[in-house]
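The values are calculated or read from the model by the stated rules, or taken from the named source; none is laboratory data. Just so we're clear, the structure is a prediction, and the values are computed from it rather than from any experiment. No Cβ is skipped: glycine too gets one built from the backbone with ideal geometry, and neighbour counts run over all protein chains shown. In case anyone asks, the SASA skips ligands and DNA or RNA and just uses the protein heavy atoms, side chains included. Shrake-Rupley method; radii C 1.70, N 1.55, O 1.52, S 1.80 Å.
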Amino acid sequence: MVAAILAVAAALAYPNLGLFHVRDRSPIHWHESFHYFMGPKYLPELGYTRLYEATWVAGRELGAFAQIRQVRDLATYALRDVATLDAAAVRARFAPARWQAFKRDLRVFGPRINHWDALLVDHGYNDPPPRALALHVLVRWVPASAAALGVLTSLDYALMAIAFWAVRRAFGGLAASLAFAFLALSFFARFDFIGGSPLRWDWIAGLGFGYAVLARVFPVLFLIPLVVSWAQGRLTGAREAALARCLATAAVLVTAVTLVLVAVPATRTLSEDFVAKIERHNRGVYSNHVGLGSLLVFHATPWVERPDGTVFVAHDAALAARPAPWVLPAAGALYFLLALPLMLRARPLESIMYAVPLVFVALSPAGYYYSFLVLLVLLAWRDGAADPLRLVAMALLAVVGAGGYALELASADMLPLFYNVSIQLGLFFVVWLGLEYVRLAARPTAEPAAVGD
């Protein structure tokens, strides 16, 4: 009964108690949905670098955007004066019917987004090609409308309901309810950031490691502890058939899809376009990213306070403050060595937890990707119970999440908010790793791996 009440309360709280995105009271995140609908739908015409210029040209034909004088060039990330855009070349990339469809879709988004000047200097649509092509197949023939986007954005909720049904069967009702409550109420995964946007949680909703890697790339780090467990089993003779099947399935899926992307000319061009754009993207610094790299950059960069009390960092200064290229890989390798004894003593499934800090140390992804922190809550359970030390760690993680909300109440300014959240989360990982070693010392004998873990 307590677990059910907790799950219902979390489900009601997640969409801000029915206020949804509070500023416009909409269940649809129109800014995000613009990128994740228009980007994949018109992927053949736009690739990864032409979304904003096509949007501005179409908007001008519709009588809008007269006040917008700059858009971001997604090939270089530089701001570009709209006077340099070649409208005829933009239209030439579309068949006439597709250009008309693009403008009809833009009409749907137009009045629902009141910050087009900010949207058109954002950083574009960045889904990896496998997921982008899957979304393209899903939405290519779907006209934009509030109803259609409402259905598309609800797919996440259906996937998560199925995932937590499976979690309940595997871990029990209390563990599933606590994990669901953490995800629904956490500072990082909350509705305000990516709720109401098409398929933003599909990679974490239990569709498999191979799919997660294809959809978001960075989940490949979660395979590292499983590879360690597999190698350990090979060396000791305690092989796990389920673990071997999991890794083999992920490897076959990723390899097969990658070969198709490389072999087919159209998808090879798209993949090259994506790689070039992501290389450019990763050379930048972003105030809403969370991790060691982001923390180091914004610690070393001078902050400038505006007259209204908000702060900013000059982008050139932030770029200059990035650590040397070897620093984060070295930090990631050091963390791996520190966590390796824990991985070797953990059950295969449980060992995935130790990849969570590795993402923080090595990659510094956008804050909303830290929905994977739910692994620290979920995988602490076994046979319906959690280790007391891990319950302490989960309580500390809840405090970190509450701290994020507290910082936002004090100041919603993006830069200091995520900088301080990075500090809090980094300190949590230090404490958490220490508690895991205390737990290891208290249980000196290896626990046998459960079949099917």
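Of note:
- Taken along its principal axes, the alpha carbon cloud of the chain reaches lengths of 71, 53, 50 Å, longest axis first.
- Built amide H within the under 5 Å cut-off of Ala386, gap 5+: none
- Relative contact order of the chain, taken over Cα pairs closer than 8 Å and 6 or more residues apart, is 18 percent.
- Prolate/oblate/rounded call for the range 68-142, Cα gyration tensor, a/c under 1.5 rounded: rounded
- The chain: DSSP helices with Cα axial extent of at least 27 Å and average Kyte-Doolittle hydropathy no lower than 1.0: 146-171, 241-263, 327-345, 388-410, 414-442
- Computed lengthening from Ala314 to Ala4, 0.36 nm per intervening residue step minus Cα-Cα distance: 106.7 nm
- Separation between Cα centres of the range 363-435 and the range 342-357, rounded to whole Å: 17
- Where Rh is the Kirkwood radius over Cα pairs, Rg/Rh for the range 1-88: 1.20
- Shape category assigned to the range 342-411 from the gyration tensor of Cα positions, a/c cut at 1.5: oblate
- Its relative contact order, with pairs defined as Cα atoms under 8 Å and 6+ residues apart, puts the range 78-212 at 23 percent.
- Cα lying deepest toward the dipole's positive end in the chain, options Gly404, Tyr286, Ile224, charges on Cβ: Ile224
- Shape of the range 121-176, Cα gyration tensor, a/c cut at 1.5: prolate
- Segment Thr76..Leu19, full-extension length gain: 16.7 nm, with 0.36 nm per residue of separation and the alpha-carbon distance subtracted.
- Note on Leu334: accessible area is roughly 100 Å² with a 1.4 Å probe, heavy atoms of protein only.
- Each Lys or Arg adds one and each Asp or Glu takes one away; over the other residues whose Cβ falls under 12 Å from the Cβ of Tyr211, this sums to +1.
- Area projected by the alpha carbon convex hull of the range 309-361, averaged over all directions, nm²: 5.7
- Hull volume in cubic angstrom per residue (convex hull over the Cα atoms of the range 397-442): 48
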